[in-house]
1. Could you check how many residues of the range 486-506 are under 28 Å from GLY448 (Cβ atoms), within 29 Å of the chain's Cα centre (by Cα) and hydroxyl-bearing (Ser, Thr, Tyr)?
2. Of the residues THR190, THR169, THR161, only one is surrounded by fewer than 21 Cβ atoms within 10 Å (Cβ to Cβ), among the β-branched types (Val, Ile, Thr) and not in a strand (DSSP E or B); which?
3. Might you let me know whether the range 24-32 holds any residue that is modelled with pLDDT of 50 or more, surrounded by fewer than 21 Cβ atoms within 10 Å (Cβ to Cβ) and in a loop (DSSP other than H, G, I, E, B)?
4. Under the condition of being at pLDDT 90 or above and outside any strand (DSSP E or B), which residue from the range 263-281 is farthest from GLU307 (Cα to Cα)?
5. Being in a strand (DSSP E or B) and under 25 Å from ASN123 (Cβ atoms) narrows it down to one residue among ALA407, ALA367; which is it?
6. Inspect the range 104-125 for any residue being more than 21 Å from ARG152 (Cβ to Cβ), of a type in the set (D, E, K, R), in a strand (DSSP E or B) and modelled with pLDDT of 95 or more and give the result as yes or no.
7. Can you tell which of ALA298, ALA305 is free of Cβ contacts under 8 Å to residues at least 60 places away in the same chain, farther than 23 Å from ARG233 by Cα, surrounded by fewer than 18 Cβ atoms within 10 Å (Cβ to Cβ) and not aromatic (Phe, Trp, Tyr)?
8. Do the conditions hold for LEU345, that is, is it crowded, with 22+ Cβ neighbours inside 10 Å and part of a strand (DSSP E or B)?
Amino acid sequence: MTIRRTAYAAGFAASAILALTFSTTASAQAAPANPTGRPAKEAANVVDASPIAESYPNAAIGDGVTSGGYNHSRWAEDWSKLRDPKKRKDLVDQLKFISIAGDGDVYLTLSGEARLRVNHVTNPNLRDSETQRQDILRLFGGADLHLGEHFRLYGELAHGTLEGENLGTVLPNLRNKLAVQQAFVDVTGTVADVDVGIRYGRQTFADGPNLLVVPRDNNTLYFGFNGFRAWARTAGVRADVFDFKPTQYGTGGTGDEGSENARRFSGISTGIVVPETLFGESKLYVDPFVWRLRNRAAVWGTDTAREVRNFYGVHIYGDAGPVNLDWTINYQGGSYDDRSIKAWLVLLAQTYQLGEGKTAPRVGVHADYASGGGAYGNSTLRNALAPFGNNIYYSYQLFATPTNLMALAPNFTFSAFKKLRVTAEYQLSWRDTTTDAVYRANGTAFAGTQNVGGRKIADTIRFQAVYPFTTRLSFTGRYEHLIAGPALSNAGYKSSDFLAGWISYRF
């Protein structure tokens, strides 16, 4: 508890420093986010891996993708290059490395984000109802205090505003006066040429396949955890161990968030660097993982019971020449009440680059299988589960998740007008079994779909356009048209349109 209080106190202090400085940066430019809805490695087009040297490649250590110096988890960014004042180009650069003592050995990095977003949805919840409009404001502020080479404190405050029409139930991760989004302490070092470290406190976590565990940038506030993460890394092998409880947000100030005691997530994620010469100048990684998710109040069908779900899987991702791939194979076992769990996830995403350079067009397809069945009844539970993954991957409207789902989606990404990056996708989705329901991104079933026939869930047409005005300021637009198939329409659900746009500023 002493470490945790220390981490939180440091987080508040660091974020208070940021609050005093934030107003001086209002006229600066912001960094583009990575809100494509594609797997993180694919969204970045290439894995920004460095040659194997004395440490494990930064692109594969399980901290998400850093592009243009920026990451969703701001503590994963390295601004030490700005130790040299000659490399600081503007006022914002001054905030990224503030030397405090020890000739730069003790320094502070400030970060922030402001995002203004509007969502427009017809037939919300796929019911024949009035259009929904969401006006959303996100404000983040973080401070990263490095106390020498081996110790640091990180704190991050977040605010979320949600207004509009026909909003329905508003969750605290969408509207929140002020929350401690992250607050932790890091201790790192080297033992026998092995880089080791431990982090304790409230933190984001992305050490796994994008569809299983990410901070969820689509939300106003990030999805986070409370607990510890420890790691050991060499040039070609790494291992992370963690034990977390999800963050439970209140809606008021910084004193009403805590740990969600009903769920506990723990496990080991490992990584292996594939030799570059094996596939001809490839940058590929193989990450086996073993996780456990315990949930005292898991809901399947009409039952609420304790579930212990074990995840045994492997994640393979990276680049081999012009091919970028992101593959996951995962078997899930365990128990739900007194019933056994036997489920599978097979997630295969790949793109092919047509030409040279990062802006070259890419053509791709993802083919996914998530087993289903058993939620309604007393037999073996075969519904797969993606516990904390990218909840917009199959639907910007959050109308699908990898449970009782088969999906096939060809896609094409290209650049227009130099900077404008456009992705178009046509997704076809079906149920694995018609005796179970169709499930939303939050894991709940579309009521009544378990009682109707029809395997086809929907056809979904999706577009995304990202325009980076500068390295710090970007605009993103999304459109989705969901054509309800028999699995939905036979239960009274309708087709829907989704249109969203936002401008994002990060420093």
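1. Residues that pass the stated criteria total 3.
2. Details: THR190 fails: not in a strand (DSSP E or B); THR161 fails: not in a strand (DSSP E or B).
Answer to the selection: THR169.
3. From the range 24-32, those modelled with pLDDT of 50 or more are none; that's our starting set.
Scanning the range 24-32, I find no residue that is modelled with pLDDT of 50 or more, surrounded by fewer than 21 Cβ atoms within 10 Å (Cβ to Cβ) and in a loop (DSSP other than H, G, I, E, B), so the answer is no.
4. First pass over the range 263-281, keeping only residues at pLDDT 90 or above: 263-275.
Filter once more, keeping what is outside any strand (DSSP E or B): 274-275.
Working: VAL274: 36, PRO275: 39 Å.
My answer is PRO275.
5. Values: ALA367 fails: under 25 Å from ASN123 (Cβ atoms).
Going through ALA407, ALA367 in turn, the sole match is ALA407.
6. Within the range 104-125, the subset more than 21 Å from ARG152 (Cβ to Cβ) is 114-125.
Pick out the ones that are also of a type in the set (D, E, K, R) and you get 115, 117.
Right, trim to in a strand (DSSP E or B) and you get 115, 117.
With the extra rule that they be modelled with pLDDT of 95 or more, the set shrinks to 115, 117.
The answer is yes; a qualifying residue exists.
7. On the way: ALA298 fails: surrounded by fewer than 18 Cβ atoms within 10 Å (Cβ to Cβ).
The match here is ALA305.
8. Numbers: crowded, with 22+ Cβ neighbours inside 10 Å: yes; part of a strand (DSSP E or B): yes.
For LEU345, the condition - crowded, with 22+ Cβ neighbours inside 10 Å and part of a strand (DSSP E or B) - is met.
The values are calculated or read from the model by the stated rules, or taken from the named source; none is laboratory data. Worth saying up front: this structure is predicted, and the values here are computed from it rather than measured. Neighbour counts are summed over all protein chains in view; Cβ atoms, including those assigned to glycine, are modelled from backbone coordinates with ideal geometry.
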